[in-house]
1. Mind checking the full-extension length gain between Q172 and R146? Use 0.36 nm per residue of separation minus the Cα-Cα distance, one decimal, nm.
2. Specify, per residue and in Å³, the volume enclosed by the convex hull of the alpha carbon atoms belonging to the stretch 194-306.
3. Between the stretch 282-329 and the stretch 190-205, how many Å separate their Cα centres?
4. In the full protein assembly as shown, how much of R215 is accessible to a 1.4 Å probe, in Å² to the nearest 10?
5. Can you compute 3J(HN,Hα) from phi for each residue in the stretch 100-108, using the Karplus curve 6.51 cos²θ - 1.76 cosθ + 1.60 with θ = phi - 60°, rounded to whole Hz and x for Gly and Pro?
6. Sort R241, R301, R146 from largest to smallest accessible area, using a 1.4 Å probe on the heavy atoms of the protein chains.
7. If you average the C-alpha positions of the stretch 116-179 and of the stretch 244-273 separately, how far apart do those two centres end up, in angstrom?
8. Going by accessible area, probe 1.4 Å, with all protein chains left in place, what is the ranking of F222, F165, largest first?
Amino acid sequence: MTASLGSKRGKRIVSLPSILCFMSLIVLYLTVWSNMSFNTFVSKVNQIFVNSESNISYSYCITDSTKYKRTPYEIGDDDALRMQNLLKKWPVGKPKAFIYYLIHSNRTSMFLESIRLLDIRFNNQYNYPVIVFHENVSSDMLSSIRSSSKSDIYFQSVVFEIPDFLPQNFTQMSCHWYVGYKHMCRFHAKLVYQQCIIRDFEYAWRLDDDSKILRPINYDIFDYMRERNLQYGYVYVNSDRPSCTVNLWTNARTYVKSNSITPTFFDQWKENQMYYNNFEVSRLSLWLSDDYQKFIDYIDRLGGMYYYRWGDAPIKSIAVSLFVPRNETHCFKDIGYEHQIFKNL
């Protein structure tokens, strides 16, 4: 969606399509964004139409493409606009990639140590943007995070809710876990790929707030992925508890059969086995593909992430084994990495 604004005399020239777009936004406000104050809504529209200094046309993912549809979980922050500016100036030949975290206000101290190690052992040299998705983190803490790191940090706030196709007072069937953890799993499996701030990127490296890079990484891992045509990178394979994957593999097999899918190596992938994806380097086209989008919509609608605590790790591992040739996956066994009790030395 674009609008031509500005003239030699400083007057704004608004075309008929722009007016129609604006009217469409008003309708969207009345029907979808009714929980947003009108002043906030006007501010967002102003960013879309009137930000002539940055010359960015950015629609907060109101688009015909389901790839970037706006969801209730996304709040359009100014950093999304700043990211689009960064991409316009992206160095020729450098992989369009970012590193991302999801953090909560009660775990910021761990995150500060994680990003400190990321800086000194990788990102001070390779300088990729770091996106910090956050829930309930104060503006003072966000400022502290930004000032404590040499990385170029972009913040995106998220709001978690139980999906509307589930009862608000749903009963957990097994693997009882706090609801916030299940929100996190759903975010990493599905919602992160609907966030506007990541659009136009090619690769993503996910780390957890307690991930630790243990020694220098002396090569660009995104270059490594691109040069070898890799889609998925990891450091470790382990297994989830059967009580936390109840019916997940059964439903995955049903999906494969009903959709006449020819898996790449799903038949060789052991049940409950999963990539330990708190360290995950991937090509975004994998998660934005129709194959994955249809699969994750199916899995999501079953409600197992909330009823049984199906984790994003087994869900995405199944997807990799369905849609990615095994020779397009790679174990970064040379990277020193620690997460909780796991260490790759």
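1. 5.6 nm
2. Dividing the Cα hull volume of the stretch 194-306 by its residue count gives 154 Å³.
3. About 15 Å separates the Cα centre of the stretch 282-329 from the one of the stretch 190-205.
4. It works out to around 80 Å².
5. Using θ = phi - 60°, the values come out as 9, 10, 10, 10, 10, 4, 8, 10, 6 Hz.
6. Numbers: R241 115, R301 155, R146 95 Å².
Accessible-area ranking of R241, R301, R146, largest first: R301, R241, R146.
7. Cα centroid of the stretch 116-179 versus Cα centroid of the stretch 244-273: 30 Å apart.
8. Details: F222 0, F165 55 Å².
Heavy-atom accessible area, descending, gives F165, F222.
The values are calculated or read from the model by the stated rules, or taken from the named source; none is laboratory data. As the structure is a computational prediction, the values presented were derived from the model and not from experiment. What goes into the accessible areas is simple: the full protein's heavy atoms, side chains included, and nothing from ligands, DNA or RNA. Shrake-Rupley method; radii C 1.70, N 1.55, O 1.52, S 1.80 Å.
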